[in-house]
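Since the structure comes first, as structure tokens, the remarks are kept for the end.
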Amino acid sequence: MTKNVFYRKTILSCYLGFVIQAATVNITPILFLTLREMYNISFEQLGFLTFINFITQVACDLIFSKAADKYGFRPFILATPLVATAGFFLFAITPFIFNNVYLGFVISTIIFASASGLLEVLLSPIMNSIPHDEKEGAMSLLHSFYSWGQAFVILATTFLLFVLGKRNWQIIMLLWIILPLADFFLFLSSPIPSPIPEEERTEGKKVFWHPYFILAFIAITFGGASELTITGWISAFLEAAVKIPKVAGDSFGVSFFAIMMGLGRLLYGLNSNRINLNKFMILGSLLTCISYLVIAVSPIPFISLVFCALCGFGVSLLWPGNLVLASNKFPKAGTWIFAVLAAGGDIGASVGPWLVGFITDKALAFFKGAQETFALKLGMSAGVVFSLLCFATLCVMYGMDKKHKT
């Protein structure tokens, strides 16, 4: 993919960085029901942990983008895996050092989410700065490693929970520290490209208020909500609402979602010169909308599993695709364009899962005697709205691109 073999180790480090980001986002949702049972945490509080995760990422996206452009990528990319290590460690020992266990979970989530936010700010512009034959394909391929990491984290964590037992979840959390420590040493010996010099960068306000950029921000916000709502809740949803055993639900439902998302990104990454990205994303958002609808209403567990996987394929390019469209439109914008768009995705990714938990708890309170099955299905239906709004925005962007080319 790249003509410059000098950066091979850097690319490998970026790939592992996305696996680490997948771990920071997906470990907690797998433990949702375990934490609920052991520490009496409500559905809304569990959803709020995901909300905190992504709001922290939003803050990091906005705070560190200018600093990365000014001081370069290296000091921040070396600090990031160490921050992730500290967050994982604190989360694991929280029950032993905090009287208020939930507060400890919130604090440790903020710490490892900061690492995730920094990875968002840094990995895409680092990859974009490396010489490539097909930059669009390289970006999609990079983001596919988030999906492979998600599948790996889900399968490994589920297996370890089954073998070690739910009450030993802290040991599992500590084992994941190996990944960020390995990435620290990889980046330590890797060449890191420099950001676009300030004198060559497009003035920020010219991009920020451009109608196309505003639409891209809206699209990635709803795309992030579409992707992370199902990621954050599908493990608990399949177990509590569809009545699929946790091992089967995580192994086939959640991991197949991640694998299909990775395949969608890999498919485009290897064929970016032959696939119209706009059309691929529009069809993907429509497939996502249909998938959420079926997942929310289907009484048949197998159908729910199938559409979990199809939803993964549907959302595959809703996040990285918007980064590609915007960076192609504004190639000299600098690091901040990736950071601001990632912040939009994180806003959607934080509000979406929280809203599911909020709707679920309110349904249980409003409909006296309502079962968790009904309440969770009602909560998951929010995904239909997110993906439908993403579809509408992408259609407008496609119209603008088509008009510009004619």
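Yes/no matrix, rows are residues, columns are (1) surrounded by 24 or more Cβ atoms within 10 Å (Cβ to Cβ); (2) within 14 Å of the chain's Cα centre (by Cα); (3) not basic (Lys, Arg):
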| site | (1), (2), (3) |
| --- | --- |
| Tyr15 | no, no, yes |
| Ile20 | yes, yes, yes |
| Glu37 | no, no, yes |
| Ile55 | no, yes, yes |
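Residues in region 65-84 that are surrounded by fewer than 23 Cβ atoms within 10 Å (Cβ to Cβ) and in a helix (DSSP H, G or I): Lys66, Ala67, Asp69, Lys70, Tyr71, Arg74, Pro75, Phe76, Leu78, Ala79, Leu82, Val83. For region 104-113, the count of residues that are among the aromatic types (Phe, Trp, Tyr) and modelled with pLDDT under 85 is zero. So the check is Cβ under 9 Å with 6+ separation or different chains; which pairs have a first residue in region 338-359 that's touching a residue at least 24 places away in the same chain (Cβ under 8 Å) and a second one that's assigned to a helix (DSSP H, G or I) and of a type in the set (Lys, Arg)? So the pair list comes out as Ala339/Lys66. Of the candidates Gly334, Gly345, Gly399, Gly312, the single residue that is in contact with a Lys or Arg (Cβ under 6 Å, 6 or more places away or on another chain) and open to solvent by less than 60 Å² (accessible area, probe 1.4 Å) is Gly334.
Checking the stated criteria, Gly223 turns out not to satisfy the condition of being open to solvent by less than 30 Å² (accessible area, probe 1.4 Å), touching a Leu at 6+ places or on another chain (Cβ under 6 Å), part of a helix (DSSP H, G or I) and modelled with pLDDT under 90.
For region 118-153, the set of residues classified as β-branched (Val, Ile, Thr) and either open to solvent by 10 Å² or more (accessible area, probe 1.4 Å) or touching an Asp or Glu at 6+ places or on another chain (Cβ under 7 Å) (or both) consists of Val121 only. Exactly one residue among Ile30, Ile77, Ile55, Ile41 is within 25 Å of Ala182 (Cβ to Cβ) and at pLDDT below 90, and that residue is Ile30. Residues in region 265-306 that are farther than 25 Å from Leu378 by Cα, part of a helix (DSSP H, G or I), open to solvent by less than 50 Å² (accessible area, probe 1.4 Å) and free of Cβ contacts under 8 Å to residues at least 60 places away in the same chain: Phe280 alone.
When each of Ala309, Ala326 is tested for being closer than 19 Å to Leu123 by Cα, modelled with pLDDT of 85 or more and either in a loop (DSSP other than H, G, I, E, B) or of a type in the set (Gly, Ala, Ser) (or both), the lone residue that passes is Ala326. Looking at the structure I just gave you, is Ser189 farther than 24 Å from Tyr39 by Cα and either touching a Gly at 6+ places or on another chain (Cβ under 6 Å) or not small (Gly, Ala, Ser) (or both)? Taking the combined requirement at face value, the residue does not satisfy it. In region 107-129, the residues that are part of a helix (DSSP H, G or I) reach residues that are open to solvent by 10 Å² or more (accessible area, probe 1.4 Å) and charged (D, E, K, R) with C-beta atoms within less than 9 angstrom, at least six apart or across chains, in these pairs: Pro125/Asp69; Met127/Lys135; Asn128/Lys135. Which of the residues spanning region 372-391 are open to solvent by 50 Å² or more (accessible area, probe 1.4 Å) and of a type outside the set (D, E, K, R)? Correct list: Phe374, Leu378, Val385, Leu388, Leu389, Phe391.
The values are calculated or read from the model by the stated rules, or taken from the named source; none is laboratory data. Fair warning: this is a prediction, and the values are worked out from it, not measured in the lab. Positions of Cβ are backbone-derived with ideal geometry, glycine not excepted, and every protein chain shown enters the neighbour counts. Please note that ligands, DNA and RNA were not included when accessible areas were found on the heavy atoms of the full protein model with its side chains. Shrake-Rupley method; radii C 1.70, N 1.55, O 1.52, S 1.80 Å.
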